[in-house]
Amino acid sequence: MLVIHENYSLKKLNTFRVEAYARWYVEVNTEDDLKELFADLRWQNQNRLILGGGSNMLFTTNFDGLVIRMNIQGIEHQITKDEVYVKSGAGEVWNNLVDYCVQSGFSGMENLSLIPGSVGASPVQNIGAYGVELKDVFYSCHAFEIETGLIKIFDKSDCQFSYRDSVFKTGFKNKYIITEVTYKLSQIFIPNTSYGAIQQELDKRGIIHPTVKNISQVVSFIRVSKLPDPSAIGNAGSFFKNPIIEVNKFRQLESTFPDIVHYPASEGYIKISAGWLIEQCGWKGKIIGNVGTWKNQALVLVNHGNATGNELFKLSIIIIEDVKKRFGIILQREVNII
Ligand code: FAD
Ligand code: EPU
């Protein structure tokens, strides 16, 4: 039975822990719940917000519409020779799914250990960390089409994945609700230690032939050392994307800032570390009132107490201005601003 709540507090449902109220709020446990919900035409024409774990959102205001919290559960897998297809409900906690795979010895997701949030959001921004992106393990997803009430199946090419982006953030934003995701993993393990810090940590621990579990543990260890725990201090991970600029522009910058931290991107482009740019502007670990940037990672904006979404948003504006003045680069927000 669907229960629609009115004027519902979202403070405990976003990892920035800022207060915001939903005009209406509903939890969805099955695909049929979505069909039932949208059979009532009043919700077709309402503002809508799909909510998973609220770990990539900043509420700067109350939400004057219907918030739909995805709670569809269930994980199962099917083994075909060396390949494993793992299917999960959108409402499962992402890291519980990673643990399920790691404990079962299925490889592919271990570098994505400890990312907060839900399974259903994982394709939305093509989550990525430590040398792996979701697109590397994604097989297909089911998505509820709001306009027709039908479930559509998206394969990898339909999703148009790129760095922190997919069709669900662009052309199909607010048109589809992801209900279930299937991942293609492997029983043959080839460790991905391309991200330098992983190899360094394995060396420190004297691990020469890492297992899936070893990689998951090492990635989790590195993450905890760099990133604030949202249950203790409000944050949404990287607030900005790492900017991708043309090689020519990069060469000019490099001549003035030879230490600029950068990575290869697609042909003709270079990815710059936004954390480095922000740190160079003197922002790392700075606190202004209730808000600031994290002491170990300048790319992460934090709520030091009772910050409002607007205080955090204003801080992001000042940081964007400072980085632009110094480097001529305009940072783009990764976090969804509501
Ligand atoms: P939400 O914040 O609830 O929603 C995010 C967006 O997806 C919204 O636009 C929402 O409408 C949409 N959405 C959610 N569920 C669905 C659905 N079922 N169907 C359609 N649309 C939906 N991200 C990374 O990529 N890599 C990292 O390493 C990383 N590290 C992080 C570390 C910390 C400490 C924190 C707090 C965040 C980090 N993030 C990282 C960001 C965040 O964890 C991911 O973006 C995650 O996928 C968000 O999941 P969520 O369920 O909380 O999504
Ligand atoms: N750096 C600084 N100062 C800082 C932060 C970083 O100089 O304050 C430089 C350092 O040289 C550091 C390098 O940047 O070695 C890379 O830092 P880190 O390994 O923390 O990675 P990142 O590029 O800052 C990205 C993702 C993270 C992801 C990590 C690991 C984005 C926007 N962020 O951060 O994702 O966990 O790589 O792969 O791409 C997120 O999306 O929320 C997120 C946390």
Would you kindly derive the ³J(HN,Hα) couplings of the range 312-329 from the backbone phi angles with the Karplus curve 6.51 cos²θ - 1.76 cosθ + 1.60 (θ = phi - 60°), listing them in order in whole Hz, with x for Gly and Pro? 5, 5, 4, 4, 5, 5, 5, 5, 4, 5, 5, 5, 5, 4, 7, 10, x, 10
So, with a 1.4 angstrom probe, what is the percent of accessible area on the chain that is carbon and sulfur? 49 percent
Using just the C-alpha positions of the chain as equal point scatterers, what log10 of I(q)/I(0) does the Debye formula give at each q in 0.10, 0.11, 0.13, 0.15 1/Å? -0.64, -0.78, -1.08, -1.38
State, as an integer percentage, the relative contact order of the chain based on alpha-carbon contacts under 8 Å between residues 6 or more apart. 17 percent
Counting only heavy atoms of the protein chains, get the accessible area per residue of the range 116-243 (1.4 Å probe) and round it to a whole Å² value. 46 Å²
Taking the Cβ-Cβ separation of Ile75 and His304 as r and a Förster radius of 30 Å, what is the calculated FRET efficiency to the nearest 0.05? 0.25
Residues of the range 102-134 with backbone N under 16 Å of the label point set 7 Å from the Cα of Tyr163 along Cα→Cβ are 125-134
Relative contact order of the range 116-198 (C-alpha contacts under 8 Å, at least 6 apart) in percent is 37 percent
Separation between the Glu83 and Asp155 pseudo-spin-labels, each 7 Å from Cα along Cα→Cβ, expressed in nm? 1.0 nm
Apply 1/(1 + (r/R0)^6) to the Cβ-Cβ distance of Thr170 and Tyr269, taking R0 = 25 Å, and write down the FRET efficiency to the nearest 0.05. 0.85
Just subtract the alpha-carbon distance of Asn29 and Gln103 from 0.36 nm times their residue separation and send over the number in nm, one decimal. 24.0 nm
Gain on full stretching of the segment that runs from Ile317 to Ser194 - 0.36 nm per residue minus C-alpha separation: 40.9 nm
May I ask you to order 26-34, 74-82, 92-100, 317-325 by the average number of other C-beta atoms within 10 Å around their residues, highest value first? 92-100, 26-34, 317-325, 74-82
Is the range 75-186 rounded, prolate or oblate when judged by the Cα gyration tensor, a ≥ b ≥ c being the square roots of its eigenvalues, rounded requiring a/c under 1.5 and prolate requiring a/b larger than b/c? prolate
Quick one: dipole size for the chain, taken about the Cα centre, charges +1 on Lys/Arg Cβ and -1 on Asp/Glu Cβ, in debye to the nearest 20. 1000 debye
Which net charge results when you count Lys and Arg as +1 and Asp and Glu as -1 among the other residues whose beta-carbon is under 14 Å from that of Ile146? 0
Could you check the simple spin-label distance between Lys286 and Lys213, using points 7 Å along Cα→Cβ, in nm with one decimal? 4.5 nm
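Using helices alone, what [θ] at 222 nm do you get for the chain, with -39,500 (n - 2.57) per DSSP H run of 4 or more residues, divided over all residues and rounded to the nearest 500?
Helix-only estimate at 222 nm: -7500 deg cm²/dmol.
The values are calculated or read from the model by the stated rules, or taken from the named source; none is laboratory data. All values reported here derive from a predicted model rather than from experimental measurement. Heads up, the Cβs are rebuilt from the backbone with ideal geometry, glycines too, and the neighbour counts pull from every protein chain shown. Ligands, DNA and RNA are stripped out before the accessible areas are found, and what is left, the full protein with its side chains, is counted by its heavy atoms. Shrake-Rupley method; radii C 1.70, N 1.55, O 1.52, S 1.80 Å.
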